[in-house]
Structure formats: C-alpha cells, structure tokens
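Since the structure comes first, as structure tokens, the remarks are kept for the end.
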Amino acid sequence: MDDPVFVIHGVANRDQPGFAAAVADLQAASGHDMVPVYWGDLGADDRFVTAAIPTRTGAPSSARKGDGLRAGDGPPDATGPEPWLASALVADTLASDQWPRVETAVRERLADEDSDSGLRDGPHHSDVDEFLEYLAEEWPRTRWLRRTDDPVLLLETGRSLAEALIEADDLRADGIGSYDGLRAGDEDEGRLRRMLRNRLRDLDRVAGAAIQAAAGRLNCALRTEFGPATTRFLGDVLVYQRHRDAIHARVRQSIDSVDPALGRTPDRPVRVVAHSLGGVIAVDMATAADPLWTSSLVTFGSQAAFFHACDPRGGQILPYSGGRPVVLPASLARWTNLWEPLDMLAFVAAGVFRLHDGSSPVDVSVPHAASSGMWTHSSYWGMPFVASEISTAMNGG
C-alpha cells in the first residue's frame with residue numbers, strides 16, 4: 001500500500017476544519033489517500049489587516065442625477081468606479097497614429113463592400129475624402145476613443161463608421177435623397193454628416209461604458225479581494241521568514257504522526273501537494289541541508305521560483321545568477337508546478353530550476369474558470385483539472 005500524500009496549505013488559512021474538508025474533497029477527486037498538514041495557527045495575525053488598507057471615500061459621480069449614459073450627447077463620466085482607475089485603462093493623450101488607423105479601416109471596409117456587392121454609384125473618392133475629413137475634425141472631440149491605443153477597438157470603430165456610409169448609399173440607391181442632399185441640409189450640415197457624427201458619439205459612449213464597467217469590476221476586486229488577500233499573503237510571508245523552523249517542525253510532526261521514517265532517507269521519500277506558500281515550504285524542506293526526501297511534489301499557485309530569484313533560499317541550492325537554471329538536489333525527484341493565468345501570486349519554476357536528473361520541473365497552465373472571478377489564487381482546490389494533474393503526478397507520470 002502506498003504512503004499517503006501530504007497536503008500543505010498556503011497563506012491566510014485559519015480554518016483548520018475547512019482545510020481538512022478541502023483535502024478530503026481533493027482526495028476523493030484525485031483517488032489518492034491524503035493527509036492535511038495545517039500550520040495556519042503559526043501564521044500572521046490577520047484579524048486587523050484591514051485597518052491598514054485604504055478605503056474608498058465618497059459616492060461615485062455616476063450615482064448623481066444627470067450623469068451616465070442618459071446625459072445627452074456626452075460620454076459617461078470617468079468617475080463611475082474611481083477616476084484614476086477608469087483613466088488608467090486608456091491612454092493619457094491623443095495618440096498620433098489613432099485616426100490614420102481608423103481611416104484605413106474605413107477605406108478597407110468600403111473596398112470590401114465595393115468588391116463583394118458593388119457600391120455601383122456609391123461614394124466616390126472625393127465624397128469619402130470629404131466625409132473622412134469631417135470625421136477627423138470630430139475625432140478629437142471624443143472623450144474615450146481618442147485616448148485608446150487598442151488596435152481592435154480602433155479597427156471596429158472604423159468599420160462601424162464605414163457601415164454608416166454604406167447605409168447612406170443604400171438609402172440613396174432606394175431613391176431617398178442623393179449624396180448632395182445628404183451632404184448639404186439644414187443649417188449647412190447635411191444628414192450624412194449628422195449621421196456620421198452621431199455614430200461616432202454613440203461609439204464613444206459605448207466605449208466609455210465598457211471602460212467604466214471594466215474599471216468598476218476591477219475596483220470591486222481590488223477593494224474586496226485583491227487588497228485584503230494580498231495583505232494577508234504578505235503577512236504570512238513575513239511570519240514564515242521569521243518562524244521558518246517552527247513551521248517546518250509542524251510539517252515534520254504531521255509526517256511523523258503517520259510514519260517517523262517517512263522522508264528521512266532516499267528509500268522512504270514522501271509525496272507532497274502544496275498550495276501557495278505551502279509550495280515554498282515544501283521546496284525549502286526538500287532542499288535543506290537535512291532534507292525532507294520527496295519523490296513527487298505538486299505545487300499550485302506557488303512562489304518558490306520567484307522567491308529564490310529574489311532572495312536565495314539557501315540549503316543545498318545555489319543562488320540563481322540569471323544564466324543557467326539552478327540544479328536541485330536529488331532529494332527533490334519530481335516537481336509539477338500548476339499556475340492559473342489570472343493568479344498574480346503564481347509563478348513558473350522551469351526558468352529558475354532544473355531537477356537533479358537534468359530535466360525541468362513541469363509547469364502546467366491551469367485553464368481559467370469563469371466562476372473563479374478575478375481573485376483566482378484560492379480557486380485551485382475545487383478544479384477537476386488540478387485533481388487530475390495531481391493524480392497523474394502521484395502515479396509517476
């Protein structure tokens with residue numbers, strides 16, 4: 001019968017029963033007997049960390065009467081979520097190459113229409129040039145579009161403006177007016193000019209609403225998830241640096257409770273699964289002068305490589321010099337490192353480390369689950385993909 005897999009939790013875990021339940025679920029999903037290793041009571045005192053986190057003050061201006069999408073022709077305010085946050089998602093000033101990219105998109109869309117269905121008597125080059133010149137004058141009056149440097153948004157904006165010209169051509173083809181009539185109308189402003197101007201303003205409002213929606217969601221994540229969670233992460237990191245021996249002793253105690261011989265020699269290595277700072281703990285112990293012999297390690301959302309690159313961990317491993325990866329001792333035989341793309345606290349290992357046999361730690365990207373939201377550092381536990389990778393690694397794959 002195989003020895004159990006020891007599971008070490010990461011930062012900000014103060015719920016021992018909850019952690020035990022998560023390990024039980026992971027055991028059922030992976031098919032491997034697992035033992036939870038709890039050290040959260042030795043971590044930072046995180047009861048009062050919110051006292052040090054800036055809070056948002058004042059009501060958003062979008063809540064004031066007259067603001068938002070219903071405020072006439074103007075785009076919505078940048079002050080919906082946070083002024084600085086919304087403005088951070090766009091450029092500060094008008095980029096010199098914005099309008100040429102929009103103009104190119106307009107001409108290409110018209111060329112496609114001419115090729116596919118034929119703008120038989122559609123806008124001539126002189127007409128298109130005149131309309132584009134008018135739009136170029138209107139472009140600096142936009143609030144959001146003039147500040148974007150996103151090529152896709154600029155492309156789609158140009159294509160939408162071209163669609164307005166195509167729609168006008170369809171009207172003319174149906175006998176409703178002419179380009180001359182569309183150009184020159186009431187107060188010397190033709191219907192087509194008003195159509196193009198209104199289309200541009202509509203696009204600007206949609207872009208502003210989308211930017212504010214993204215800023216609002218990011219603001220919520222920063223305030224409710226990223227801020228406190230990152231602060232708790234830093235607190236546990238600081239405590240681990242000061243009380244590493246006590247935390248290692250707790251891990252050793254959990255292993256000894258199963259079999260005191262486990263991990264002491266190459267003949268009785270342990271298998272370890274570790275989340276976040278737990279992965280740092282596992283690597284530190286496996287590479288210490290008196291190592292925890294580990295046959296297979298799976299880390300997820302972990303920072304071992306990042307920490308070693310910034311501050312060499314010591315033990316049997318040399319500092320990372322920026323050239324060749326650091327060779328790990330034989331006491332860490334296999335290592336699978338899982339990371340989720342939106343997890344800001346997850347790092348890859350193969351760029352910093354090599355295993356003793358010359359192979360690399362296996363870095364595996366975990367597919368993002370929409371249900372995870374924006375704070376994904378704690379999302380690994382319930383993912384079938386993670387359980388499958390653990391099962392494969394623990395089976396020697």
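The residues in the range 311-338 that are part of a loop (DSSP other than H, G, I, E, B), closer than 16 Å to Asp363 by Cα and of a type in the set (A, V, I, L, M) can be counted, and the count is 2.
Hey, could you check the range 16-34 for residues that are touching a Phe, Trp or Tyr at 6+ places or on another chain (Cβ under 8 Å) and more than 11 Å from Trp381 (Cα to Cα) and say which is surrounded by the most Cβ atoms within 10 Å (Cβ to Cβ)? Let's see the steps before the verdict.
Start the filter on the range 16-34 by keeping residues that are touching a Phe, Trp or Tyr at 6+ places or on another chain (Cβ under 8 Å), which leaves 16, 19-20, 22, 25-26, 34.
Okay, now just the ones that are also more than 11 Å from Trp381 (Cα to Cα), so 16, 20, 34.
On the way: Gln16: 14, Ala20: 16, Met34: 21.
Here the answer is Met34.
The condition (being out of contact with any Cys (no Cβ under 8 Å at 6 or more places or on another chain), modelled with pLDDT of 90 or more and assigned by TED's automatic domain parsing to the domain that holds Ser30) is satisfied by just one residue among Ser359, Ser378: Ser359.
Step by step: first the residues of the range 237-266, then only those that are among the hydroxyl-bearing types (Ser, Thr, Tyr) and surrounded by 12 or more Cβ atoms within 10 Å (Cβ to Cβ), then the one that is nearest to Gln303 (Cα to Cα). Which residue is that? Going through the qualifying residues, I end up with Tyr240.
Going by the structure shown, is Asp236 part of a helix (DSSP H, G or I) and not assigned by TED's automatic domain parsing to the domain that holds His377? So Asp236 fits the description; yes. From the list Ala86, Ala51, Ala28, the lone residue that is aliphatic (A, V, I, L, M), at pLDDT 85 or above and part of a helix (DSSP H, G or I) is Ala28.
In the range 121-159, what count of residues is obtained for those that are modelled with pLDDT of 85 or more, within 17 Å of Arg205 (Cβ to Cβ) and basic (Lys, Arg)? Number of matching residues: 1. Could you tell me whether any residue of the range 267-276 is without any contact (Cβ under 8 Å) to a residue 12 or more places away in the chain, in a loop (DSSP other than H, G, I, E, B) and not basic (Lys, Arg)? The answer is yes, given that some residue of the range 267-276 is without any contact (Cβ under 8 Å) to a residue 12 or more places away in the chain, in a loop (DSSP other than H, G, I, E, B) and not basic (Lys, Arg).
The values are calculated or read from the model by the stated rules, or taken from the named source; none is laboratory data. Since the structure is predicted, the reported quantities are computational estimates derived from the model, not experimental observations. Cβ: placed from backbone, ideal geometry, glycine included. Neighbour counts: every protein chain shown.
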